[in-house]
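I have placed the structure first, in the form of C-alpha cells, so that the comments after it can refer back to it.
The values are calculated or read from the model by the stated rules, or taken from the named source; none is laboratory data. It should be emphasised that the depicted structure is a prediction, and the values quoted were computed from it without experimental measurement. Counting neighbours? That spans all protein chains shown, and the Cβs are built from the backbone with ideal geometry, glycine included. Only protein heavy atoms, including side chains, enter the accessible area calculation; ligands, DNA and RNA are left aside. Shrake-Rupley method; radii C 1.70, N 1.55, O 1.52, S 1.80 Å.
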Amino acid sequence: MEAELVALATAGATALVQQMATDGWSAARDRVTAFFAGRGAATPESVEEALDTGRAELAAARRDDDEQLRADIHADVHAEWRARLRRALVADPAAATELRALLAELTPEEPGAREVFDVHNTISGTVNGVVVQAGRVDWPRLRYRDTQSPDGH
C-alpha cells in the first residue's frame, strides 16, 4: 500500500507542477487548495500561499539562464508537493479517491492518446529464445539458430 501512496503522491505532484505553468492554473490552484483544506491539515490561505510561492519560484527559474538552477528549483517544488500529498494520503487513506479524481481533472487524457487492443500469440514447438507479446514490436527481426540437442530434440 505504501508504494501505491508514493506513486499517487508523485503523480499528483507532477500534475500540480505542470499546471503551475499553464493558463488553467487558477482553477487547479483552487482544486488543490480545497483538497488540502478539506483534510483540516492547513488553512486555505496557507495552502494558496505555498502554491503561489512554488509557482513564483518556477516562473523565476524559467527566466534564468541557468539550466541547472531551473532543474533544481523544479525538483524542489515537486518534492515539496509530493511530500505534502503523501502526508495527506497517510493521514487520510480515503483521500486517495479524491486525489485520483483531482488528477483526472488536472491531466485529462487526450482523445486517441491510449490505444487499447487485444493481442493473441500462438507458440508451438520448442522455443529456445525470447518470446515477446506485443501489439507492435519496432526493432529488427531477431534470428535464432537451431539449438536442438544432439539427439534431435
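When Arg31 is tested against (1) of a type in the set (D, E, K, R); (2) assigned to a loop (DSSP other than H, G, I, E, B); (3) surrounded by 13 or more Cβ atoms within 10 Å (Cβ to Cβ), only condition (2) is not met. Taken as a whole, the condition of being at pLDDT 90 or above, open to solvent by 60 Å² or more (accessible area, probe 1.4 Å) and farther than 22 Å from Ala27 by Cα applies to Asp76. The C-beta contact set for the stretch 62-75 (first residue free of Cβ contacts under 8 Å to residues at least 12 places away in the same chain, second residue among the hydrophobic types (A, V, I, L, M, F, W, C) and open to solvent by less than 70 Å² (accessible area, probe 1.4 Å), distance under 7 angstrom, 6+ apart or interchain) comprises Leu69/Ala61; Arg70/Ala61. Remark: Glu48 falls outside the filter, which requires a residue to be over 15 Å from Leu99 (Cβ atoms), free of Cβ contacts under 8 Å to residues at least 60 places away in the same chain, open to solvent by 70 Å² or more (accessible area, probe 1.4 Å) and among the charged types (D, E, K, R). If you go through the stretch 1-26 and pick out every residue that is open to solvent by 40 Å² or more (accessible area, probe 1.4 Å) and under 20 Å from the mean Cα position of the chain (by Cα), you end up with 12.
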